[in-house]
Amino acid sequence: MLSNIRIVLINTFHPGNVGAIARAMKNMGLSNLYLVDPNNYPSDEATSRAAGAVDLLENATIVSSLEHAIADCSLVIGTSARHRTFQLPIMNARECAEAVIPEAKQHDVAIVFGRETTGLLNEEIAQCHRQVYIDANDEYPVLNISQAVQIIAYEIWMANQDKATHNKETPEYPRKKEMDLFHEHLEETLYGLNFIIKNHPGKVLEKLQRFFNRSRPEKQELGILRGVLAAVQREANLTPSEKDSKKADNQE
């Protein structure tokens, strides 16, 4: 179960932090490390700071974008202490762990950490389903990234020991890449109906993506939505793309 939980680090600047994070993860039974466009990596400093967790560095997955890091995950949680202009459902570290453990029984789950200085960008947090924060002193709530990972990882370890949390059942959710295909299908349909004008799209698609990320439709529900879009396209004499037609037919 813990092997289905990945820690995703975006554009880390200090290689020593990567090593310290690997050590923090291994302390708590986590082994799945993803690095998105890291600076100065691989690095002797990262290896030195990792101590007995060098194997996590050696097996880390390095990708060029957040999209690649989370494509096969059903639940993506972004870490941020800041309130955003748009609001995802927010959990503290303990609530995050209690949500992650049951879902990790069946699906891959990602917990995403931003840059040391600026954290996650708005467009990155918008790709997440939930936001997690760590309770801290209001006068100085800023944590080093390796400390933040250690706290989240500790709560995950503790939740994994709790039989009640362990035994919770969760629905089957689509993976991120399946949701991305749905958003592409929705966009194509709305453009085809002239509900959205391509030259002046506004923020409708962005708001719809946030809505579906917050609501997290189950896999069967997503299939129904894809079927509805395909039916709308047929009735309106629109021509769906081949991949959308096949995908919708498979999920009906």
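Using a simple charge model, +1 on the beta-carbon of Lys and Arg, -1 on the beta-carbon of Asp and Glu, nothing else, what dipole does segment 2-167 show about its Cα centre, in debye to the nearest 20? Numbers along the way, then the final one.
Working: 11 positive and 19 negative charges, 40 e Å.
Dipole magnitude for segment 2-167 comes out near 200 debye.
Show Ser64, Ser3 ordered by accessible area, largest first, where the area counts protein heavy atoms only and the probe is 1.4 Å.
On the way: Ser64 90, Ser3 70 Å².
Largest to smallest exposure gives the sequence Ser64, Ser3.
Enter the Cα centre distance for the pair segment 1-69 and segment 184-238, rounded to the nearest angstrom.
One Cα centre to the other: 36 Å.
Spelling out what I want: for every residue of segment 5-17, take phi, set θ = phi - 60°, compute 6.51 cos²θ - 1.76 cosθ + 1.60 (Karplus), and round to whole Hz; glycine and proline get x.
Values per residue, Gly and Pro as x: 9, 10, 9, 10, 10, 9, 6, 4, 9, 9, x, x, 5 Hz.
How large is ³J(HN,Hα), in whole Hz, for each residue of segment 207-223 in order, when computed from phi with the Karplus curve 6.51 cos²θ - 1.76 cosθ + 1.60 and θ = phi - 60°, using x for Gly and Pro?
Each residue of segment 207-223 in turn: 5, 5, 4, 4, 4, 6, 5, 5, 7, 6, x, 6, 4, 5, 5, 5, x Hz.
Not counting ligands, DNA or RNA, and with a 1.4 Å probe, what is Arg94's accessible surface area in Å² rounded to the nearest 10?
140 Å²
Over segment 72-158, what percent of the accessible surface lies on carbon and sulfur atoms, probe 1.4 Å? Don't skip to the answer; put the middle values down first.
On the way: 2010 of 3900 Å².
Reported share for carbon and sulfur atoms: 51 percent.
Provide the per-residue ³J(HN,Hα) series for segment 141-146, in order, calculated from phi with Karplus coefficients 6.51, -1.76, 1.60 and θ = phi - 60°, each as a whole number of Hz, with x at glycine and proline positions.
These are the phi-based 3J(HN,Hα) values: x, 7, 10, 4, 4, 5 Hz.
Looking at (i) 1.02; (ii) 1.09; (iii) 0.96, which value of Cα Rg over 2.2 N^0.38 Å comes from a calculation on the structure shown?
(ii)
With 25 Å as the limit, write out which pairs from Lys105/Lys219; Lys176/Lys203; Lys168/Lys207; Lys198/Lys219; Lys26/Lys163 have Cα-Cα distances beyond it, or answer none.
Numbers: Lys105/Lys219 16 Å; Lys176/Lys203 21 Å; Lys168/Lys207 31 Å; Lys198/Lys219 29 Å; Lys26/Lys163 22 Å.
From the list (Lys105/Lys219; Lys176/Lys203; Lys168/Lys207; Lys198/Lys219; Lys26/Lys163), the Cα-Cα distance tops 25 Å for Lys168/Lys207; Lys198/Lys219.
The values are calculated or read from the model by the stated rules, or taken from the named source; none is laboratory data. The structure presented is a predicted model; accordingly, all values stated were derived computationally and were not measured. Note that we place each Cβ from the backbone using ideal geometry, even for glycine, and neighbour counts take in every protein chain shown. Surface areas here come from the heavy atoms of the whole protein model, side chains and all, with no ligands, DNA or RNA. Shrake-Rupley method; radii C 1.70, N 1.55, O 1.52, S 1.80 Å.
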